[in-house]
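Worksheet: one structure, shown below.
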Amino acid sequence: MQRASVLPLALLIIASATAGIAIAQTSKPRRTVWDGVYTEAQAARGVMAFGQSCAGCHALAAEGKAPLVGQSFWKSFAQKTVGDLVEYVSANMPNGSPGSLSEPTYRDIVALMLKSNGFPAGTAELARDTIANVQIVQKDGRTDLPADALARVVGCLAKSGDDWVVTRATTPERAENIAGGADATRPLGDRTIPLKFVVTRLDPLSGSRVAVSGLLIGDGGVDGINVTTVKRVAEKCP
């Protein structure tokens, strides 16, 4: 009788321990560009590589030819990861010969870009196995897309005076990052976003759930979206 009661107790202990491990794993805080994901030495190597292969087309400043710092950086890479940034640089630089540099050299150049944008250095270099999930976010954790970013929202199409708006709109997300398969059922938000420069007739879509893509007007689309496409994803909304 005593032995029969030991097994369930042992299983309970194992189950509790396993659950604790799972909680610890899922609650692990995400890494961001503010956590020091490159080293000063790596960024210093990037200076020479950038000068040789990138400086002819890009500026490591907020102004100048094809700048890679400030608003231009956020417009291109907010809501993305350092892995996405390395992939982009590898696929597009140098101009006329993309992909021609070594993987470590591309990571050195990205380290320099991070340093130039004010993100702190750390004690470990950017490496292939450390960059994939490092989030590019504002220092306070905000993930809002900046003005002029190509974004996508889902919500309810309605008329407001003479203008069209999307009510209960989701937070603007990068258009290229969204598969769109769950648009008909995904939770909606609480924003109303004006639709600007609409060139197609939207009356047949009024009252339906739609996905809207376009360029954000103001940070986070505070002043609306310069519309490129409007697509019905469900007959009724929400």
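Scanning segment 36-60 for residues that are open to solvent by less than 40 Å² (accessible area, probe 1.4 Å) and either in contact with an Asp or Glu (Cβ under 8 Å, 6 or more places away or on another chain) or within 29 Å of D144 (Cβ to Cβ) (or both) yields G36, V37, Y38, T39, Q42, A43, G46, A49, F50, C54, A59. Only one of (1) surrounded by 19 or more Cβ atoms within 10 Å (Cβ to Cβ); (2) at pLDDT 95 or above; (3) of a type in the set (A, V, I, L, M, F, W, C) fails for V222. Which number is that? Result: V222 fails condition (1) only. Of V165, V110, V153, V137, all but one fail to be over 22 Å from the mean Cα position of the chain (by Cα) and either modelled with pLDDT of 95 or more or part of a helix (DSSP H, G or I) (or both); the exception is V165. Filtered by the rule that a residue be under 23 Å from A149 (Cα atoms) and buried (at least 21 other Cβ atoms within 10 Å of the Cβ), segment 90-111 gives M93, V110.
Within segment 162-188, restricting attention to residues that are of a type in the set (G, A, S) and surrounded by 17 or more Cβ atoms within 10 Å (Cβ to Cβ), the residue that is farthest from D84 (Cα to Cα) is A169. Scanning segment 61-71 for residues that are open to solvent by 40 Å² or more (accessible area, probe 1.4 Å), of a type outside the set (A, V, I, L, M) and free of Cβ contacts under 8 Å to residues at least 24 places away in the same chain gives E63, G64, K65. The listed residues are P204, P194, and the only one of them that is open to solvent by 30 Å² or more (accessible area, probe 1.4 Å) and either within 24 Å of S76 (Cα to Cα) or assigned to a loop (DSSP other than H, G, I, E, B) (or both) turns out to be P194.
When restricted to residues that are in a loop (DSSP other than H, G, I, E, B) and either among the aliphatic types (A, V, I, L, M) or at pLDDT below 95 (or both), segment 207-219 contains 1.
The values are calculated or read from the model by the stated rules, or taken from the named source; none is laboratory data. From a predicted model like this one, the values you see are computed outputs, not experimental measurements. Don't worry about glycine lacking a Cβ; one is built from the backbone with ideal geometry, like all the others, and counts go over all protein chains shown. For accessibility, only protein heavy atoms count, side chains too; no ligands or nucleic acids. Shrake-Rupley method; radii C 1.70, N 1.55, O 1.52, S 1.80 Å.
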